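A short write-up of the structure that comes next.
The values are calculated or read from the model by the stated rules, or taken from the named source; none is laboratory data. The shown structure was predicted, so the numbers you read here are calculated from the model rather than taken from an experiment. Note that each Cβ is placed from the backbone with ideal geometry, even for glycine, and that neighbours are counted across all protein chains shown. Just so you know, the surface numbers come from the protein's heavy atoms only, side chains and all, with ligands and any DNA or RNA stripped out. Shrake-Rupley method; radii C 1.70, N 1.55, O 1.52, S 1.80 Å.
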Amino acid sequence: MLAEHKLKLLQDLVRSSTKEELVWMNGFLAGVLMNCHEQPALASAPTAASAPATAAAPVAAPAAPSVSKITIAYGTETGNSKKLATEMAAKAKKSGIQAKVVSLDQYRLNDLAKEEYFFTIISTQGEGEPPATAKKFYDHIHQNGFKLPQMKFGVLALGDTSYPLFCKAGEDVYQQLHKLGGQPVAPLIKCDTDYQGDADGWFSQVLHSLTTTTSSNGTASVGAVVAKKPAGKKTYAGTIITNVNLNDRGSSKATHHIEITADDLEYQPGDSIGIIPENAPAVVDAILAIAGIDGKKSVAFRNETHTVVELLKKKLNIAYLPERVVKQYAAIVKQDIPETKISLLDLLKIYPVSNAAQFEDVIGILEPITPRLYSISSSPQAHSGEVHVTIARDNFKVNGEVKQGLCSNYLAELAVDSSLEFYVHKNNQFRLPAPEKDVIMIGPGTGIAPFRSFIAERDAAGAEGRNWLFFGDQHFVTDFLYQTELQNWMQTGVLTKMNVAFSRDQATKIYVQHKMLQHARELYEWLQNGAYVYICGAKEPMSVDVENTLLQIIERFGNKTSVQAIDYLNNLKEEGRFLKDVY
């Protein structure tokens, strides 16, 4: 029984909540109880909460499921959706419901019309797009020519509130399945990066719907789409204490090691920090001049008021406008503009606004700057109160004109004692194993960042597991990032093995996968002894080449067929012993 003050709080909350909010709370509480291994007995608010507290009522026996099987399909980039799908399938089984779990890139699209109970967990990438593994499914349901009148469905959307189009892919899938005739059995919930509690509550509501009496048309009664208001992220006010270029003179690269201090800093090895960069002052000044607008003028943008110069410098994406924004710009200036990505400055030069008032209309269609994520290269135990990042400065040419990466150049120019706001982006799919476990780390270029964190953390914690690093870059003399630290760790035994590949130091290019092949027998022995494998760096071609090389090693030294080697690697993935953080 609740204490009197707690009961009053509960009664006040119930009375002030909408029907949709009560439905959500009902599912959430069921999830909490299920996680505590309790029987999910759910009160029917507001009547139960309004009644005076009496002796505890007997717990009702669980209802028999009204359905026997469901499909849980996931679309993921980092593995979060897959993890949730697997957990939910286990919960469904405990409730007497068989759940088929499938990745959307493996899902047979022709089966969609046959589905009766279909649930999907999907993340959002980039500019509101579905993950690559869900692209075919996403495109398929947005094509005309079919209906899904028999389908009962639910969508759990994963996203990051720091991005302008939060959970857009999940919203799109929900709306389209509904448009095709599907009937929702649970409202859409949009989850931020700290998603576990909301996800558990959502699926508990799904199970509740599936194990209760359905309406006459066979579907559970569901209110309007509910997007739970995210709690928001903790933003740190940091100070730059070090900003040095790790590359030596003569290198074609500039890789900055940046150290930041902040109060009450909390992160784990494998996490990233999110940074919203500022636009270059020279670009902002050029835009103001062409638009003919006073930078000090205050204008409204998304229910807030800022000066034009503040918006252009700190709030708005002006570097590369997505095609949807260019299309809106074309309507404002009444010009026929090809669909393309282009900077606001170039757009103004080619298709100028007629006056300052028209430019204010343009401000209204611009989108916020999206944060950039950088792997943390420090250890909370070894570098207390600090967070380090390893940033490759990005310069490139477009039609002969030198362009600069917005965030990498912004960070590279920050002087010591400069202020910087950031947040910690948790990555629970890229964590160190138990201290006694061996780890194999493969991270060329800036992919070294999380592994510097891993090694420093295991050193500080006195972990007894072995550590093997594969690192690569262009030249030994100019591009051996963190060379002194890595060699010191070799001398002290923290690093058991280190193999390096410098691709441009000889006529034939040598990469980390070639070094893996040179040590293939020993690498396979480490795998057989339970080692965890981590890959960080470029998604293509590096991570693809490394994974294919691992398959070769497993096939040859495990005396397996190619199919058996794939199964072996898939088992490593299922066991959480093969982890990637690629971009």
Long-range HN-HN contacts of M498 with modeled amide H, under 5 Å: L469
Alpha carbon convex hull of region 90-146, volume per residue in cubic angstrom: 97 Å³
Residue-by-residue Karplus 3J(HN,Hα) for region 308-316, coefficients 6.51, -1.76, 1.60, Hz, glycine and proline x: 4, 5, 5, 4, 5, 8, 10, 10, 9
Stokes-Einstein diffusion coefficient of region 234-338, Kirkwood radius over Cα pairs, 20 °C, 1.002 mPa s, in µm²/s: 121 µm²/s
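Starting from the Cα-Cα distance between S419 and Q564, subtract it from 0.36 nm times their residue separation and give me the gain in nm to one decimal. Kindly include the intermediate steps, with their values, before the conclusion.
Details: separation 145, 0.36 × 145 = 52.20 nm, distance 5.29 nm.
So the extension gain works out to 46.9 nm.
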For peptides 308-321, 279-292, sequence by mean Cβ density within 10 Å, most packed first: 308-321, 279-292
All-pairs Cα distance distribution in region 430-583, expressed in whole percent, bin size 5 Å: 2, 9, 19, 23, 22, 15, 7, 3, 0
Descending principal axes extents, region 455-506, alpha-carbon based, whole Å: 37, 16, 16
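Just to verify a number: FRET efficiency for E323 and Q150, C-beta to C-beta distance, R0 = 45 Å, to 0.05? Write down the numbers at each step before the final one.
On the way: r = 36 Å, r/R0 = 0.80.
Here the calculated transfer efficiency is 0.80.
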Stokes-Einstein diffusion coefficient of region 314-401, Kirkwood radius over Cα pairs, 10 °C, 1.306 mPa s, in µm²/s: 101 µm²/s
Inter-label distance for A282 and R504, nm, one decimal - labels placed 7 Å from Cα along Cα-to-Cβ: 2.4 nm
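Could you tell me which of the pairs K403/K580; K100/K152; K135/K334 are separated by over 24 angstrom between their Cα atoms in the structure shown? Working shown, then result.
Working: K403/K580 30 Å; K100/K152 15 Å; K135/K334 33 Å.
Long pairs (Cα-Cα over 24 Å): K403/K580; K135/K334.
Mind checking the alpha-carbon convex hull of region 426-521 and giving the volume per residue in Å³? Please list the in-between numbers first.
Details: hull volume 10.7 nm³, N = 96.
Cα-based convex hull of region 426-521, divided per residue, equals 111 Å³.
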Protein-only accessible surface order, largest first, of K93, K560, K234 at 1.4 Å: K93, K234, K560
Length gained when the stretch E574-A434 is fully extended (0.36 nm per residue, less Cα-Cα span): 48.7 nm
Between region 295-324 and region 482-536, the Cα center-to-center distance that results, in Å: 47 Å
Residue-wise HN-Hα coupling along region 93-109, computed from phi with Karplus coefficients 6.51, -1.76, 1.60 (Hz; x: Gly, Pro): 4, 5, 8, x, 10, 7, 10, 8, 9, 8, 6, 5, 7, 9, 6, 7, 4
Between region 333-366 and region 392-465, the Cα center-to-center distance that results, in Å: 36 Å
³J(HN,Hα) computed for each position of region 264-270 - Karplus, 6.51 cos²θ - 1.76 cosθ + 1.60, integer Hz, glycine/proline x: 6, 6, 10, 7, 10, x, x
Computed FRET value (nearest 0.05) for D294 with D346, which takes r as the C-beta separation and R₀ as 22 Å: 0.45
Residue-span extension gain [N548 to K334] - 0.36 nm each, minus C-alpha spacing: 71.9 nm
